[in-house]
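The structure under discussion appears below in the form of structure tokens.
We did not get these values from a lab; they are worked out from the coordinates using the rules stated. Note that this is a predicted model, so its numbers are computed, not measured. Neighbour counts are summed over all protein chains in view; Cβ atoms, including those assigned to glycine, are modelled from backbone coordinates with ideal geometry.
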Amino acid sequence: EATVEPTSFVVRSLLGRLAGSHFFLLLVMGGGDSASGYQTVNVHEGASQSFGVTLEDVDTIFTPFTTATAKLKERGGLDALVEALNTDVHNGVSQADVSSNFEQRKKEFGDNTLPDPDPPNIFALWWDAYKDEMLIILTVAAVVSLILGVFFPEDGESPSAEGAIEGAAILGAVIIVTTVQAVTNYSQEKQFQASNKKNDDIKIKVIRAGKVTECQIGEVVVGDIVMLKKGDRVPADGFICKMNGCKVAEDVLSGESEPVRKDKDNFFVLRGTNIQDGNCNFVVARVGVHTEWGSNFAVTEFEETPLQKKLGVVARYIGFLGLAVAAVVFVVLCIYWLVDVIGVPWDWQSLTEILQYFITAVTIVVVAVPEGLPLAVTVALAFSMKKMMKDNNFVRRLAACETMGGATQICSDKTGTLTVGRMNVTKGVVAGLKFDDPQIYDMNEKVHYLLTQGIAINSTADIEFATSDKEQTKYMGDSTECALLLWINKLNVDFNDIRKQAPDSVKQFTFSSSRKRMSTVVPIEDDTFRYRMYAKGASEIILRRCTKFMNEDGSVSELDEGMKEEYFQMIEEMASNGLRTLCMAYRDFKVFDVAEEEDDDEPPEMKLTLISLVGIADPVRPEVPDAVRTCQRAGITVRMVTGDNILTAKNIAKQCNILTDDGIALEGPEFAKKSDAELDEILPRLQVLARSAPTDKERLVTRLQHNSELVSVTGDGANDVKALRKAHVGLAMGGGSEVAKDASDIVILDDNFTSILKSVMWGRCVFDNIRKFLQFQLTVNVAALAVAAFSALFNEEPLTAVQLLWVNLIMDSFGALALATEPPTMALLDRPPKNVAHKKQSLLSPEMWKMILGQSAYQTFVLLGGLFLIPYASEQITGTEYTEAMTYTIIFNSFILCQLFNLIACRKINKGEYNVFAGLHKNFVFLAILIGEFIVQVILVGFTWDGHVDDDGNQERAIKYLDFLGTIFDTVPLDIYLWLICIGIGFVGFIWGIILRFIPTPTEKTYKGEIFDEDEEDSEKVPLINS
């Protein structure tokens, strides 16, 4: 272990105070440039009465940060800074600081929070929604219509406000459409900001008032002593005061790709960087916006997802179709107009008619362009992100929501994911004495000393025991190390007392998944030896490095091959029962080279003396076996990848239903020896990979991808980063390292395998919800365009511009909200996975095309037929011919009710799904939108009854003061009989949809591992149907 002490010093502040200034002198002893070894250095000016240094002084040291170590040495070194900050490298800040909630420190140096990004501006979002070219054109046309309607009314009378109704109505509809979209986007922006903020929801270990405790990253203050281990993210700027083989990845700030080794000439650390190897303690010097990271802070932008890209392409195709239909409608209507005006004197009213045709054509384009498709993805993803958080899935990359639904492989860690992760020593051997009760009462004093000292010192874990019934015990660090600390606590030993009394370690060889062992070297007082190394690690690895073992009486004997074989048999027995086995040993040295490079592949962990072999129990989570079966039913293969003994791994894998009778379990070294061809041959049956190295996990992911599998992999350590990035979906554990979380797509907050299963459900749910909305939207699009085009051929306009805008509002905004917020069901896991990101995976299945074409054909037939049949049928049945206004009102009302019934029908889009009402009562958003739209439609059209007429003999609304809505929407009120007919037309469409479900369609093609190509040209090649 290296302790950074460039110089020692004494701060002399009396002179500055007597002089009435804040000028401090440092007396530097034992170093410096002066010949005598003593010199005075002006460290800072303007320091407060509470601290010997100001924020400006610290900023000067870190500007530029590459010279921070040199500048600190020039100003007196680390000790000068520590004393000036009123802290201590061993005990941290004082109890008085803790009791005052660090009020003075926060006042002088600020807190460790970064500013929240500017909240989304609703007006800016509204403007973004309004900037659609078609809406702008429609607005201009509406303004012109408004002016012509006011100054050139149809009756040729003087200017009147009544002529402005249609133009104003269109403007109002445009405002409503854009406002709804802006409000929806506002809600999603807030959701994404909350997700960004979650990235800083990190707990770290600090030393305060002599105690090790945990705090949130935002609670770190200047003067704190922060304890970091491999994989941790640095929470603030500062200087290392204690380190063991510490390497820091500084690429996020310096651009340097290789990790930087910290030493006495380079011991600064910066917020946002990561501990790549080793561990360290550092004193915090700058926090929050004052750090190098804080001054360059930028909010993470959520990139466009594969589904959004695909839907953008589909939206363009539909938009082109709408543009073509609109052009045909406009040209045909203009031809009819020309026929009518030939030989008639020109007046401005003729221009109004042309403008009306233009407005209708533009409105058709507005309706046809499915702005709601990208909105639906946004709503679905934001909704799922929020709900997934409740299911302990923190989504860091939006595309992972979609991709996870198509996962065909889950490569899962064992400890804490498949198992509970709260370990306890249950049996073992200490100095030749076997035990089944961890509370050993008759242990030899020397054995007891070496065992407890080794466990307490050779550990980076900590436990903060609860002091009352209201508190919970906090476990900090590796669960295996916590189990050992709990064990010696049962042996009536306080590990904190040992650590306080023990000398500082001079060297630590940290644990890694490749070494599978850890050791710490401390100085000792002995006549023969000066240093002692305590080692622990995977039982068979440590055992092979032992040449001696301790006896029950504390004596040491040679460990011959026979005795080793006995221990190996004990290891096998415990591992076969699902216990994690661990050996603890030690070695004494006369001389130890502290400066030895940690990069050496073979640290001096040889010729060890065995102290103990223990079995640690970590029971399987009770819900995991069923969750694994569910995954298998859903077409997902679950594999266990662990660093544990193969016998332990096989036992746990069988309990989890992962390892079957014909399944294969391999150890990492054997796996690494196999060629790619050999691996590909056994991959279908490879279910357990034990004693695996990080390279093994990465290679497994690569080979699975090569075999067209869509792979998700879990990881919790810095060594898992490559595998997490390589996988299609990287799943980091919430209790894992920050480096792993940064490399992941989703963080499993509770480390539970069942939460991974929920992420699969949500992924499938997102894709299904988008498809539901797409089916609903395309049905309306096809029907609306067909009605508009065919009616134009007969010089009819059954749907006005304002009515079409109302249809657009139902489709694009409320339809997206209703269908994109459907929650997942277990039925989603009863089918094989679909890779939505695959460039050949169609957005529309044959089943969906059947429903779209069938429903739109029904609506087009009924509505176009209504143009001709309603006047005739009314005269035959009632003896009274309906007016054109009433005919158009019935068509408009029936069209809207068809969409409302179709909205329900679109809740189920997959083959074999017939019950569209399943779970409807649980989706309050859907019900609210459905009922709300129906109520608004009743208000827009109006209700009347026979004999309820005005002075002119026209049907009058039940609510008279809503008559203006009839003028705006070109409707007349309908009686109960006509309302039932309109509802009946919609309901028949619903029944027709049920009949359509029984018509057979080809099976949809599904694709697995190949991921969506983000190249622009390839992104255009999105199939609309699987053939």
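Our helix-only sum for the chain, with -39,500 (n - 2.57) per DSSP H run of n ≥ 4 divided by its residues, gives a mean residue ellipticity at 222 nm of -14500 deg cm²/dmol.
Within 10 Å, Cβ to Cβ, of ASN424, how many net charges do the neighbouring residues add up to if Lys/Arg are +1 and Asp/Glu are -1? All intermediate terms of the calculation are to be shown ahead of the outcome.
Details: positive: ARG422, LYS490; negative: ASP618.
So the surrounding residues net to +1.
Listing SER514, SER468 from the residue with the fewest other Cβ atoms within 10 Å to the one with the most, what is the order? Intermediate values should be presented prior to the final figure.
Values: SER514 14, SER468 5.
Arranged by neighbour count, lowest to highest, SER514, SER468 become SER468, SER514.
Just to be sure I understand: of the beta bridges DSSP finds with both ends in the chain, what percent are antiparallel, rounded to 5? The partial results should precede the final answer.
On the way: 87 of 112 bridges.
Bridges in the chain that DSSP calls antiparallel: roughly 80 percent.
What does the charge count near ARG587 come to, summing +1 for each Lys or Arg and -1 for each Asp or Glu among other residues with Cβ under 10 Å from its Cβ? Don't jump to the answer; show the numbers that get you there.
Values: positive: ARG532, ARG545, LYS548, LYS607; negative: ASP588, GLU605.
Neighbour charge sum, excluding ARG587 itself: +2.
Fewest neighbouring Cβ atoms within 10 Å first, the residues HIS921, HIS706 line up as HIS921, HIS706. What is the distance in Å between the Cα centroid of region 634-704 and that of region 528-580? Answer, in whole Å: 28.
Here is what passes the span test in the chain: the DSSP H helices with alpha carbon length of 24 Å or more along the helix axis and a Kyte-Doolittle mean of 0.0 or above are 133-151, 165-198, 306-341, 348-368, 372-390, 753-793, 846-878, 884-905, 924-941, 976-997. Among LEU897, PRO625, ALA124, whose Cα lies farthest out toward the positive end of the dipole of the chain, if unit charges sit on the beta carbon of Lys, Arg (+1) and Asp, Glu (-1)? Farthest towards the positive end: PRO625. Taken along the Cα-to-beta-carbon direction at a fixed 7 Å, the label points for GLU103 and ASP526 span 5.3 nm.
For region 490-558, run through the trypsin sites (Lys or Arg not before Pro) and keep only the ones in DSSP coil with at most 15 other Cβ atoms within 10 Å of their Cβ.
Here the trypsin sites (Lys or Arg not before Pro) that fit, given the DSSP loop and packing criteria, are ARG530.
A dipole drawn for the chain from +1 and -1 charges on Cβ atoms has a positive end, and of LEU451, ILE359, PHE767 the residue lying farthest that way is LEU451. Computing Rg and Dmax of the Cα atoms in Å for the structure here picks out one of [x] 36.9, 125; [y] 34.1, 104; [z] 28.4, 89, namely [x].
Count Lys and Arg as plus one, Asp and Glu as minus one, and take only other residues whose Cβ is under 10 Å from that of SER845; the net charge is then +3. In a reduced charge model with +1 at each Lys and Arg Cβ and -1 at each Asp and Glu Cβ, region 428-617 shows a dipole moment near 200 debye about its Cα centre. Take the alpha-carbon centre of region 904-946, take the same for region 243-275, and report the distance between them in whole Å. After rounding, the separation between the Cα centres reads 58 Å. In terms of other Cβ atoms within 10 Å, SER791, SER557, SER755 run from fewest to most in the order SER557, SER791, SER755.
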